[in-house]
1. Would you mind calculating the relative contact order of the range 1-84 from Cα pairs under 8 angstrom and at least 6 residues apart, reporting the percent as a whole number?
2. Let me make sure I get this right: for the chain, a, b and c are the square roots of the gyration tensor eigenvalues over alpha carbons, sorted descending. Under 1.5 in a/c it's rounded, otherwise prolate if a/b > b/c, else oblate. Which is it?
3. Taking 0.36 nm per residue of separation and subtracting the Cα-Cα distance, what length does fully extending ASP36 through ALA100 add?
4. Only Cα pairs under 8 Å and at least 6 apart count here; give the relative contact order of the chain as a rounded whole percent.
5. Hey, what number do you get for the chain at 222 nm if only DSSP H runs of n ≥ 4 count, each worth -39500 (n - 2.57), divided across all residues, to the nearest 500?
6. May I ask for the longest run of the chain untouched by trypsin sites (Lys or Arg not before Pro) that are loop-located per DSSP and have at most 15 neighbouring C-beta atoms (other than their own) within 10 Å?
7. On the principal axes of its Cα set, how long, how wide and how thick is the range 46-140? Give whole Å, largest value first.
8. Can you bin the range 1-66 into rounded, prolate or oblate? Criterion: square roots of the alpha carbon gyration tensor eigenvalues sorted a ≥ b ≥ c, rounded for a/c under 1.5, prolate for a/b above b/c, oblate for the rest.
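Bear in mind that the values in this text are calculations on the coordinates, not laboratory data. These numbers were taken from a predicted model, which means no experiment stands behind them. Positions of Cβ are backbone-derived with ideal geometry, glycine not excepted, and every protein chain shown enters the neighbour counts.
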Amino acid sequence: MISADYARTMARYNHWMNDVIYAAAARLSDAQRKRDLGAFFKSLHGTLNHILVGDRLWLGRFTGAPVRFPSLAHEIASDFADLRRERAETDAAIDAYAAALTPARLAEPLVYRTFLNPRDVSFPLGFALMHFFNHQTHHRGQATTLLMQLGVDPGLTDLIYLPGMEQSAHA
């Protein structure tokens, strides 16, 4: 389904893009970051917070140490510096998790209890990881739109621009 190298690359992309997005968001005031712009999670802060909630829920499932939140909009940190620190810690944990993945592990089932309409489900770990990275990208796309609405251009965000991936044209 996916390889361990794919998961490591996507973890790197996640980390890089979060650094980019949080650096762009840091150029705004707290009121701007928390302004309701009509997004699904209302504001840029709410969207960044939701990505972190989702990442922690999934990482807990992956590692066998599930975490619980009262909702998918649960505020992990109201202070931006604290949210940024929590994001960095989670990105380091995602990087470490991806670094340890093996082909055998990726083929194993992931059994967990769903958050919405609680029930036990099972998916191949590789497929669940595909969802995990897709969920991040989906909501970061919303975050970049909110940044642009607030007058901040986050710059290049496509996976193809991940630093260190380009090869020499003469290789």
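1. Numbers: 50 pairs, mean separation 16.9, N = 84.
Relative contact order, the range 1-84: 20 percent.
2. Working: a/c = 2.12, a/b = 1.18, b/c = 1.80.
Note, shape of the chain comes out oblate.
3. Details: separation 64, 0.36 × 64 = 23.04 nm, distance 3.93 nm.
Length difference between fully extended and current span is 19.1 nm.
4. Numbers: 168 pairs, mean separation 55.8, N = 171.
Relative contact order of the chain: 33 percent.
5. Values: 6 runs with 97 residues, N = 171.
Calculated mean residue ellipticity at 222 nm is -19000 deg cm²/dmol.
6. Working: sites that count: ARG27, ARG68, ARG119.
No qualifying site falls inside 120-171, the longest such stretch.
7. 40, 32, 24
8. Numbers: a/c = 2.85, a/b = 1.75, b/c = 1.63.
Note, shape of the range 1-66 comes out prolate.
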